[in-house]
2 protein chains.
Amino acid sequence: MKPGPRRSVSQSDIVDAAFEILEEKGVAGVSVRGVAGALGLTPTAMYTYFDSKNALLQAMVEQLLAGIATRPGADEDAAAPAWRERVTTIALALRARLAEHAGGVVLVTSGPLDGPNALAVAETIIEAFVEAGLEVDDAARAAHAVRAFTLGQAALEAARRTAPVEASAQQPLWSDSRHPLVEQTARLDLDGEGDDEFAAAIGRVIDGYTS
Amino acid sequence: MKPGPRRSVSQSDIVDAAFEILEEKGVAGVSVRGVAGALGLTPTAMYTYFDSKNALLQAMVEQLLAGIATRPGADEDAAAPAWRERVTTIALALRARLAEHAGGVVLVTSGPLDGPNALAVAETIIEAFVEAGLEVDDAARAAHAVRAFTLGQAALEAARRTAPVEASAQQPLWSDSRHPLVEQTARLDLDGEGDDEFAAAIGRVIDGYTS
DNA sequence: ACCTGAACACCGTTCAAGT
DNA sequence: ACCTGAACACCGTTCAAGT
């Protein structure tokens, strides 16, 4: 492919390549140069497609959030009210997407969540709480809580997954002070990837706003 | 200060200098070279104090979390039960600390939260829920929810505060699709820094676990 | 309009050498 | 033990130039 006035790749191709690198090397490994190289482009050519690295990251966030707000097919067999299942489904999907790629959380945290897919997620959750009978403002508060909780859960998971840092190899700064309750409940693995624990937790949060 | 076998600065000095830079330039601006320069050291000298940049960041997290778990003075005038006020106080303090420095959230998300101060925060919240009458496992779940929600709230705040990216200057990809509920409730500023809204929200989360 | 090549001002980290 | 200086393999971004 020699230089020419025709686009040799699409924005979508670039985002896809960036996600591939994100999966392999984490968020720190995503570089303009690296993505360009993976596509056979010069780093400078990237600036034809995105104004900056940050714009690329924002586009990645949008793709990460794509499809989360779409209502699942009429799956109305459940005993729980439709709105409740819808909120739970979205929260689970959001968490799954964030956990899917290493660094997904940092990505989402790195800029304002005001893309169309981000707004669609917010809108859909508020809608569900309105359907639950909440007044609009309270529905927004509840939806915000669900988003914050889900993001925080994903953040705690991601933080735990990062390199164990060789533990106390470096720091005898903190000695063996006791945290008995933390140790006793470590087996619950609340920072871990249990869907059931998370679904139950979201249920509690919903309860806090609707009962 | 010419070279010599005596330490010219302390680990604490380095962490302090790093926080100063964090405040000025955000998390991306914190570099080994920059911190070294601020202290009049060579970049390589830094590796005498910390094994890697990551070790420095972990030390910063610990300092960020310092003192949050210490019980506030006997402030028992409130109508609310002591445990409830204690949880709320810690959550508010945690959020305030995370919001204090730009990039505090990314910092905390960048590695496992297993330092002594991080564990002390977790332990203290579990303790409070045990005091509330919860069984230990449920107390751990409730404490986890409080931590996740607080972290997520701080993350949403931080995300919103980052450069507005000139809005739609770059992307006509998403046109003016409607998100009426989001727009209608934007004035609530739930991603904003209202202590009252946050305290109320934490109250709802606590309710979800204790009622 | 799309792309290249060279350049600028940065990174984290390692290694040999000095005191 | 603590520190320097040089070096390696990287960054994001800009700018002039080619087709």
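The values are calculated or read from the model by the stated rules, or taken from the named source; none is laboratory data. Please read all numbers here as calculations on a predicted model, not as lab measurements. No Cβ is skipped: glycine too gets one built from the backbone with ideal geometry, and neighbour counts run over all protein chains shown.
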When only residues in the stretch B:141-194 that are over 21 Å from A:T109 (Cβ atoms) and modelled with pLDDT under 90 count, which is farthest from the other protein chains (Cβ to nearest Cβ)?
B:P172
Would it be correct to say that B:E131 is of a type outside the set (A, V, I, L, M, F, W, C), within 7 Å of chain A (Cβ to nearest Cβ) and in contact (Cβ under 8 Å) with a residue 24 or more places away in the chain?
no
Condition met for A:A69 (modelled with pLDDT of 95 or more and among the small types (G, A, S)):
no
If you go through the stretch A:1-22, how many residues are modelled with pLDDT of 90 or more, away from every other protein chain (no Cβ under 14 Å) and either in contact with a strand residue (DSSP E or B) (Cβ under 6 Å, 6 or more places away or on another chain) or within 13 Å of DNA strand C (Cβ to nearest atom) (or both)?
2
Exactly one condition in (1) at the interface with chain B (Cβ under 7 Å from one of its Cβ atoms); (2) surrounded by 15 or more Cβ atoms within 10 Å (Cβ to Cβ); (3) modelled with pLDDT of 90 or more is false for A:V105; which is it?
(3)
Out of (1) within 20 Å of the chain's Cα centre (by Cα); (2) farther than 30 Å from A:F50 by Cβ; (3) touching a residue at least 24 places away in the same chain (Cβ under 8 Å); (4) more than 10 Å from chain A (Cβ to nearest Cβ), what's the single condition that is false for B:E85?
(3)
If you take the residues in the stretch B:23-45 that are in contact (Cβ under 8 Å) with a residue 24 or more places away in the chain, away from every other protein chain (no Cβ under 14 Å) and assigned to a loop (DSSP other than H, G, I, E, B), which one is farthest from DNA strand C (Cβ to nearest atom)?
B:G40
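Evaluate the following for A:A69: is it closer than 30 Å to A:E85 by Cβ, within 11 Å of another protein chain (Cβ to nearest Cβ) and more than 8 Å from DNA strand D (Cβ to nearest atom)? Lay out the reasoning, then the answer.
Numbers: closer than 30 Å to A:E85 by Cβ: yes; within 11 Å of another protein chain (Cβ to nearest Cβ): yes; more than 8 Å from DNA strand D (Cβ to nearest atom): yes.
Yes, satisfied.
Checking the condition more than 20 Å from A:R204 (Cβ to Cβ), more than 9 Å from chain B (Cβ to nearest Cβ) and of a type outside the set (V, I, T), which residue from A:L57, A:L94 passes?
Details: A:L94 fails: more than 20 Å from A:R204 (Cβ to Cβ).
Unique residue meeting the criteria: A:L57.
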